[in-house]
Ligand SMILES: Nc1nc2c(ncn2[C@@H]2O[C@H](COP(=O)(O)OP(=O)(O)OP(=O)(O)O)[C@@H](O)[C@H]2O)c(=O)[nH]1
Ligand SMILES: [Mg+2]
């Protein structure tokens, strides 16, 4: 009953109100979304060993008592759900803690503490071996990296050692042959390339303005920006759909795709990387025909663009959803035609008014359950 009243309330809101509420929320987080970054990591250096001899008023030169230097701190990266992009790495090297030097009277230097740095779940880590720069005809500089894969931080809490701290120098207390101060070794230095590929169970694909963000907002608690102009969504967003039995799955919303996106039209196909690892695709088609009178043509264009990006993109299961059925009087005919062309059931919804979305969610849940991908909290 309550949900029905909430839907009624939402459907009374016009576009203007919803956009202003959403933009109020999104404004303060409207910084540039960073999903690829090059960072220099430098682990801590080892502390120096100490050469010293015991001495007091009765003993002028006693036994050697120089302590060892402390070990330099390592730097590790850890996957965490608390972060959504890599902006915190932009433009600054990460430098580890140095070990302290050893001292007389057998005092060992303190180890430099390890740094455990959090990155979003779904970050791929590469070591850069070399880089080449090229300038294309339009004068745009492009950097290409020759890189070695190190790790895929695709699970919460997964951790990887990036650079190892230097060893501390030895003191002469335990190594009596040492006559001169032994320096600690330097910490490892690596140029690292990080690339974020969002991890979500389902990915929304569609033309701009098809209602992808409206759908995400109606099935999850995420608040994407919704407006009646193309390319409202500029960065990927992941929302979680929760069920009463404590199961849940996630849906990723990305910027719209247009014809010839693979030739860098619109926002290009760059954002497809964020739905590359999803288990199910949701093709969101605007049945009111704002892009094309024949929605099945849009479906063909979208499919073609996905295949241009990666030839195995459509090997995963997908569902086809026809949105905006509330404003299209001819929707039944168009849906029938679409079903014939697609060769499978087309879900009729109105994301704005919450009509038919339950069926879509249950179908997604069924597919994910069959694949064993549903998580219980
Ligand atoms: N009448 C009607 N309007 C809808 C429906 N779903 C979405 N809209 C409207 O369509 C417009 C675009 O919706 P968005 O959710 O921003 O579309 P999008 O696919 O995310 O667009 P981009 O982010 O630009 O790719 C908004 O004005 C929505 O209110 C629907 O079911 N019925
Ligand atoms: Mg959007």
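A count restricted to region 194-210 and to residues that are surrounded by fewer than 24 Cβ atoms within 10 Å (Cβ to Cβ) and within 6 Å of ligand 1 (Cβ to nearest atom) stands at 2.
Quick check: anything in region 232-251 surrounded by fewer than 17 Cβ atoms within 10 Å (Cβ to Cβ) and within 12 Å of ligand 2 (Cβ to nearest atom)? Looking through region 232-251, at least one residue is surrounded by fewer than 17 Cβ atoms within 10 Å (Cβ to Cβ) and within 12 Å of ligand 2 (Cβ to nearest atom).
Pick from 305, 370, 300, 339: which is crowded, with 16+ Cβ neighbours inside 10 Å and not in a loop (DSSP other than H, G, I, E, B)?
On the way: 370 fails: crowded, with 16+ Cβ neighbours inside 10 Å; 300 fails: crowded, with 16+ Cβ neighbours inside 10 Å; 339 fails: crowded, with 16+ Cβ neighbours inside 10 Å.
None of the other options fit; the residue is 305.
Residue 295 fulfils the conditions (1) in contact with a helix residue (DSSP H, G or I) (Cβ under 8 Å, 6 or more places away or on another chain); (2) surrounded by 19 or more Cβ atoms within 10 Å (Cβ to Cβ); (3) over 16 Å from residue 320 (Cβ atoms) except for a single criterion, (3). Scanning region 319-336 for residues that are within 20 Å of residue 272 (Cβ to Cβ) and either surrounded by fewer than 21 Cβ atoms within 10 Å (Cβ to Cβ) or not assigned by TED's automatic domain parsing to the domain that holds residue 278 (or both) turns up just one, 319.
Which residue, of 367, 349, is within 23 Å of residue 240 (Cα to Cα) and more than 16 Å from ligand 1 (Cβ to nearest atom)? None of the others qualify; the one that does is 367.
Only one of the numbered conditions (1) part of a strand (DSSP E or B); (2) loosely packed, with under 10 Cβ neighbours inside 10 Å; (3) touching a residue at least 40 places away in the same chain (Cβ under 8 Å) is violated by residue 133, and that is (3). In the condition set (1) away from ligand 1 (no atom under 12 Å from the Cβ); (2) outside the structural domain of residue 112 (by TED's automatic domain parsing), residue 237 is compliant with all but (1). Taking (1) closer than 26 Å to residue 37 by Cβ; (2) outside any loop (DSSP other than H, G, I, E, B) in turn, residue 186 satisfies each apart from (2). With respect to residue 108, is the statement that it is modelled with pLDDT of 90 or more and either buried (at least 17 other Cβ atoms within 10 Å of the Cβ) or not assigned by TED's automatic domain parsing to the domain that holds residue 50 (or both) true? In short, yes. Among residues of region 204-231 being out of contact with any helix residue (DSSP H, G or I) (no Cβ under 7 Å at 6 or more places or on another chain) and more than 13 Å from ligand 2 (Cβ to nearest atom), the one that is nearest to residue 361 (Cα to Cα) is 220. Every test in (1) closer than 19 Å to residue 122 by Cα; (2) touching a residue at least 12 places away in the same chain (Cβ under 8 Å) is passed by residue 270 save one, and that test is (2). Residues in region 235-264 that are in contact with a helix residue (DSSP H, G or I) (Cβ under 9 Å, 6 or more places away or on another chain) and in a loop (DSSP other than H, G, I, E, B): 235, 236, 243, 254, 255, 256, 257, 258, 259, 260, 264.
Give the residues of region 350-367 that are under 28 Å from the mean Cα position of the chain (by Cα) and outside any helix (DSSP H, G or I), sorted by residue number. Break it down into steps so the answer makes sense when it comes.
First pass over region 350-367, keeping only residues under 28 Å from the mean Cα position of the chain (by Cα): 351-352, 357-358, 360-367.
Result: 351, 352.
The values are calculated or read from the model by the stated rules, or taken from the named source; none is laboratory data. Here the structure is a predicted model, which means the values were calculated and not measured. Backbone-built Cβ (ideal geometry, glycine too); neighbour counts: all protein chains shown.
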